[in-house]
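Enquirer: Once you've had a glance at the structure underneath, I'll fire off some questions.
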Amino acid sequence: MYSVGGDMRTGSRLDVTIAILTWNGGAVLPRVLEAVFSQETGLAYEVLAVDSGSTDGTLEVLGRFRVRVVEVARGEFNFGLTRDLAYRESTGRFVINLSQDAVPARPDWLEKLVGPLVEDSEASASCGTSIPDAERDFAQFAWERNGYFYFTREMRKFAAKYGKGLSFSNSAVRRSVWERLRFDPQPTGEDFQLQKKLHGCGGRIVFPQDAPVLHHHAYSLGGLYRRCRNEGLALRILGCPYNELDLAADLAGLRKYVQLLREVRRGSVRTGAELAFPVLRPLAVYAGSRFGRRAVWR
């Protein structure tokens with residue numbers, strides 16, 4: 001259950017819980033766990049997985065490592081409530097949120113991610129970076145690489161209100177902060193939900209640059225549409241709706257089309273999803289914000 005890298009317990013509580021929400025983790029999950037259990041650290045930590053009905057051998061992979069597993073039915077999965085369950089099950093003073101496909105890039109990742117919270121008692125959360133993974137068999141989605149993925153206005157509204165985005169792909173939160181704020185039901189975007197709550201109570205997020213994970217995506221047209229639609233729904237719930245004027249302005253804006261031409265010239269546009277992205281994202285975000293009632297995953 002536990003991987004103890006030092007004698008730094010407070011009572012019976014460990015220093016860190018690394019919490020991973022899993023569902024059909026695939027080929028990358030063993031690399032994630034190998035990197036997690038290879039950390040060079042003096043922190044006492046456990047690894048907790050909350051699995052929501054995996055059918056691809058993920059549970060068997062988790063069983064090969066010292067991972068504590070909690071299972072929830074797939075039909076009951078909700079990012080906010082499932083994340084809250086992970087925190088309830090945690091025993092660490094700090095809880096790390098790590099995606100099932102985000103591979104810690106360095107053996108000191110854990111120390112560097114938690115370090116700012118240890119050194120600064122006023123910091124509520126720490127968020128590391130994501131960098132491309134050379135071992136994956138697909139290239140990084142061009143619009144992730146060039147920084148345009150979140151160009152639509154609901155994200156700009158959120159950033160204007162609450163600052164740089166917190167990502168649960170690679171972050172650490174004080175458990176005591178969660179005990180005060182908790183997670184509410186949220187179909188996706190529970191990291192933004194916590195950020196909004198932190199903003200409301202004066203909490204501060206730090207962004208260390210030396211705690212990266214290897215993490216990037218490729219999308220089919222359908223997968224890209226569903227992700228952007230779900231984000232539109234999530235941001236509406238969090239008070240940043242995307243209306244018809246936002247849609248028209250984003251479709252008419254020229255910068256992303258200029259960037260598309262640049263990507264085409266570089267030979268970076270390889271898929272229909274990358275080609276369609278400047279139009280698909282605004283339309284999908286609008287559909288989720290205007291008509292969405294629940295997240296759609298398939």
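Enquirer: Just to be sure I understand the filter: pairs with C-beta atoms under 6 Å, separated by 6 or more residues or on different chains, first member in region 130-146 and surrounded by fewer than 18 Cβ atoms within 10 Å (Cβ to Cβ), second member in a loop (DSSP other than H, G, I, E, B) and at pLDDT below 95. Which pairs pass?
Expert: Going by the 6 Å Cβ cut-off, the qualifying pairs are F138/A218.
Enquirer: Condition first: of a type in the set (A, V, I, L, M, F, W, C) and farther than 20 Å from T82 by Cα. Now tell me which residues in region 40-64 satisfy that.
Expert: Filtering region 40-64 down to residues of a type in the set (A, V, I, L, M, F, W, C) leaves 43-44, 47-50, 59, 61-62.
Of everything in region 40-64, those that are of a type in the set (A, V, I, L, M, F, W, C) and farther than 20 Å from T82 by Cα turn out to be L43, A44, V61.
Enquirer: Would you be able to say whether some residue in region 202-220 is assigned to a helix (DSSP H, G or I) and modelled with pLDDT of 95 or more?
Expert: Scanning region 202-220 turns up no residue that is assigned to a helix (DSSP H, G or I) and modelled with pLDDT of 95 or more.
Enquirer: Can you tell me which condition R156 does not meet? The list is (1) within 18 Å of Q39 (Cα to Cα); (2) within 19 Å of the chain's Cα centre (by Cα), and all the others hold.
Expert: With (1) within 18 Å of Q39 (Cα to Cα); (2) within 19 Å of the chain's Cα centre (by Cα) applied to R156, the lone miss is (1).
Enquirer: Go through region 119-172 residue by residue and tally those that are in a helix (DSSP H, G or I), in contact with a helix residue (DSSP H, G or I) (Cβ under 9 Å, 6 or more places away or on another chain) and of a type in the set (A, V, I, L, M).
Expert: Qualifying residue count for the region: 2.
Enquirer: Which residues, counting only those in region 150-191, are in contact with a Gly (Cβ under 6 Å, 6 or more places away or on another chain) and among the hydrophobic types (A, V, I, L, M, F, W, C)? Even if it seems obvious, please write down each step before you answer.
Expert: First, the residues of region 150-191 that are in contact with a Gly (Cβ under 6 Å, 6 or more places away or on another chain): 170, 183-186, 190.
Once the filter is applied, which keeps residues that are in contact with a Gly (Cβ under 6 Å, 6 or more places away or on another chain) and among the hydrophobic types (A, V, I, L, M, F, W, C), region 150-191 yields only F183.
Enquirer: Kindly list the number of the only condition in (1) over 30 Å from S176 (Cβ atoms); (2) under 16 Å from the mean Cα position of the chain (by Cα) that fails for E274.
Expert: Looking at each condition in turn, E274 falls short on (2).
Enquirer: So V95 ticks every box in (1) surrounded by fewer than 22 Cβ atoms within 10 Å (Cβ to Cβ); (2) modelled with pLDDT of 95 or more; (3) out of contact with any His (no Cβ under 9 Å at 6 or more places or on another chain); (4) not in a loop (DSSP other than H, G, I, E, B) but one. Which box is left unticked?
Expert: (1)
Enquirer: Sticking with this structure for a sec: So S54 passes all but one of these: (1) surrounded by 20 or more Cβ atoms within 10 Å (Cβ to Cβ); (2) without any contact (Cβ under 8 Å) to a residue 60 or more places away in the chain; (3) farther than 23 Å from G189 by Cβ. Which condition number does it fail?
Expert: Going through the list (1) surrounded by 20 or more Cβ atoms within 10 Å (Cβ to Cβ); (2) without any contact (Cβ under 8 Å) to a residue 60 or more places away in the chain; (3) farther than 23 Å from G189 by Cβ, S54 breaks only (3).
The values are calculated or read from the model by the stated rules, or taken from the named source; none is laboratory data. Treat the numbers as computed from the prediction; the structure is a model and nothing was measured. Methodologically, a virtual Cβ is constructed for each residue, glycine included, from the backbone with ideal geometry; neighbour enumeration extends over all protein chains shown.
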